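These notes concern the structure reproduced below.
The values are calculated or read from the model by the stated rules, or taken from the named source; none is laboratory data. Bear in mind that the values here come from a model prediction, so they are computed numbers and not experimental data. No Cβ is skipped: glycine too gets one built from the backbone with ideal geometry, and neighbour counts run over all protein chains shown. Note: accessible area is taken over every heavy atom of the protein model, side chains too, but ligands, DNA and RNA are not part of it. Shrake-Rupley method; radii C 1.70, N 1.55, O 1.52, S 1.80 Å.
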Amino acid sequence: QVQLLETGGGSVQAGGSLNLSCLASTRTFSDWNMAWFRQAPGKQRLIIAGDTWAGKFHDESVRGRFTISRDKAKNMVYLQMNSLKPEDTALYYCAAGSVLKAGYEYFGQGTQVTVSS
């Protein structure tokens, strides 16, 4: 089991930056694929970036602006978000999934990101 705690959300103007952090409480951090999801009001929760056994990926909606990274020594996952747009406004979730199967089983509580124009 993994417990996840996100921090770093907030309110910024368009064009600004934020860095989200996620602390994973597990003794076997390397055994987990990690990802960031987001859910805008009235919309589905969607995956936007991942750091998995197969490598890193970023959804086309954030590619070139957001970067996922992992610090294995600290059990941390980060999402650096640059050139933020109003449409990036959402609740952002950190997620963990076993490297042995597809999908993500554990989610944090989420951290709110609000981008104003």
Using the Karplus curve 6.51 cos²θ - 1.76 cosθ + 1.60 with θ = phi - 60°, work out ³J(HN,Hα) for each residue of the stretch 62-73 in order, rounded to whole Hz, and write x for Gly and Pro. 10, 4, x, 10, 10, 9, 8, 8, 9, 10, 5, 5
For the S25, D59 Cβ pair and Förster radius 25 Å, calculated FRET efficiency rounded to 0.05 is 0.40
Loop sites in the stretch 29-82: chymotrypsin sites (Phe, Trp or Tyr not before Pro), DSSP, at most 16 other Cβ within 10 Å: W53
Along the stretch 107-117, what does the Karplus equation 6.51 cos²θ - 1.76 cosθ + 1.60 (θ = phi - 60°) give for ³J(HN,Hα), rounded to whole Hz, x for Gly and Pro? 10, x, 7, x, 9, 7, 10, 10, 10, 9, 8
Taking protein heavy atoms only, a 1.4 Å probe, and rounding to whole percent, the accessible area of the stretch 70-117 owed to carbon and sulfur comes out at 50 percent
Could you give each residue of the stretch 30-43 its phi-based ³J(HN,Hα) in whole Hz, using Karplus coefficients 6.51, -1.76, 1.60 with θ = phi - 60°, and x for Gly or Pro? 5, 7, 10, 6, 10, 8, 10, 10, 9, 9, 7, x, x, 10
Expressed as a whole-number percentage, the relative contact order of the chain with C-alpha contacts under 8 angstrom and at least six residues apart is 36 percent
What number comes out for accessible area per residue over the stretch 44-117 if the probe is 1.4 Å? Units Å², please. 55 Å²
How much FRET efficiency would the formula 1/(1 + (r/R0)^6) give for A73 and S117, where r is the Cβ-Cβ distance and R0 is 41 Å, rounded to 0.05? 0.60
What residues qualify as long-range amide H neighbours of T89, i.e. H under 5 Å apart, gap of 5 or more or another chain, H built at 1.01 Å from N? V115
Only bridges whose two residues both fall in the chain count here: according to DSSP, what percent of them are antiparallel, nearest 5? 90 percent
Determine the gain in length on full extension of the stretch Q80-Q109; use 0.36 nm per residue of separation and subtract their C-alpha separation, reporting nm with one decimal. 8.6 nm
Round to a whole angstrom and tell me the spacing of the C-alpha centers of the stretch 17-76 and the stretch 95-110. 10 Å
